1. For the range 117-138, name all the residues that are modelled with pLDDT of 85 or more and open to solvent by 50 Å² or more (accessible area, probe 1.4 Å).
2. Restricting the range 24-50 to residues that are of a type outside the set (S, T, N, Q), surrounded by fewer than 22 Cβ atoms within 10 Å (Cβ to Cβ) and touching a helix residue (DSSP H, G or I) at 6+ places or on another chain (Cβ under 9 Å), which is nearest to TYR14 (Cα to Cα)?
3. Take the residues of the range 53-63 that are small (Gly, Ala, Ser) and buried (at least 24 other Cβ atoms within 10 Å of the Cβ): which is farthest from ALA22 (Cα to Cα)?
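The values are calculated or read from the model by the stated rules, or taken from the named source; none is laboratory data. Note that the structure is a prediction, hence the values are computed from the model and not measured. Please note: Cβ atoms are built from the backbone with ideal geometry, for glycine as well, and neighbour counts cover all protein chains shown. Note: accessible area is taken over every heavy atom of the protein model, side chains too, but ligands, DNA and RNA are not part of it. Shrake-Rupley method; radii C 1.70, N 1.55, O 1.52, S 1.80 Å.
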Amino acid sequence: MENWITDIMNEFGYLGILLLIALENVFPPIPSEVILTFGGFMTTNSELTVMGVVAFSTIGSVAGAVILYGIGRLIDVDRMEKIIEKWGHILRLTKKDIQKADQWFDKYGVWTVFFCRLIPLIRSLISIPAGMSGMNFGVFLLFTTLGTLIWNVILVNVGAAVGDSWETIVKYMDIYSNFVYAFLVLAVIVFAVLFMKKRVAKK
């Protein structure tokens with residue numbers, strides 16, 4: 001996949017970066033780490049600039065986030081409650097659980113959107129619950145842009161600083177990503193166990 005990504009960036013420059021980053025947000029398995037660090041490297045041997053790569057990657061990232069936010073708005077809490085009402089018994093979920101999750105996101109969602117933009121995988125998917133909760137679009141756009149900008153500035157500048165060694169940075173980012181994925185899996189397992197124990201205790 002890395003070769004495919006770098007080939008597109010070499011051929012289409014800023015436009016390729018914008019499209020790849022937008023696609024990465026909608027399809028998280030595409031690694032933004034490769035796009036951004038290689039984009040930084042390209043500023044050392046082409047007409048691309050760090051500011052230009054950051055700007056176009058940020059535009060692409062925000063565009064992708066808006067698409068997922070829109071999907072979240074289409075699902076919304078009311079539709080999710082209807083789905084849970086019909087099928088929730090399979091996972092032992094109730095409408096009350098959805099309402100609690102929605103209330104939590106209403107309370108902490110702004111900062112969740114901001115900080116999650118710095119975490120692989122979640123940085124893309126967080127846009128869906130933001131849309132589902134009906135987060136103010138302007139607020140969502142602001143904090144998504146700020147979090148995305150920080151992520152992009154760091155990786156593009158690192159890519160520019162290390163030059164030909166940009167692939168080394170990608171390897172370190174892979175370690176970071178794997179650590180995050182392992183933590184997420186563990187968190188889901190712990191949450192599932194606690195949730196099931198709580199359900200059993202209520203019986």
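1. If the condition is that a residue be modelled with pLDDT of 85 or more and open to solvent by 50 Å² or more (accessible area, probe 1.4 Å), then ASN136, PHE137 are the ones that fit.
2. Within the range 24-50, the match that is nearest to TYR14 (Cα to Cα) is LEU48.
3. SER57
Here's the yes/no breakdown for (1) at pLDDT 80 or above; (2) in contact with a strand residue (DSSP E or B) (Cβ under 7 Å, 6 or more places away or on another chain); (3) assigned to a helix (DSSP H, G or I); (4) surrounded by 19 or more Cβ atoms within 10 Å (Cβ to Cβ):
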site	(1), (2), (3), (4)
ILE83	no, no, yes, no
LYS96	no, no, yes, no
GLY109	no, no, yes, yes
PHE115	yes, no, yes, no
PHE143	yes, no, yes, yes
LEU146	yes, no, yes, no
VAL153	yes, no, yes, no
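To keep it simple, each residue is scored yes or no on (1) at pLDDT 85 or above; (2) under 18 Å from CYS116 (Cα atoms); (3) not in a helix (DSSP H, G or I).
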| residue | (1), (2), (3) |
| --- | --- |
| GLY16 | yes, no, no |
| GLU24 | no, yes, no |
| LEU48 | yes, no, yes |
| ALA65 | yes, yes, no |
| LEU68 | yes, yes, no |
| ILE75 | no, no, no |
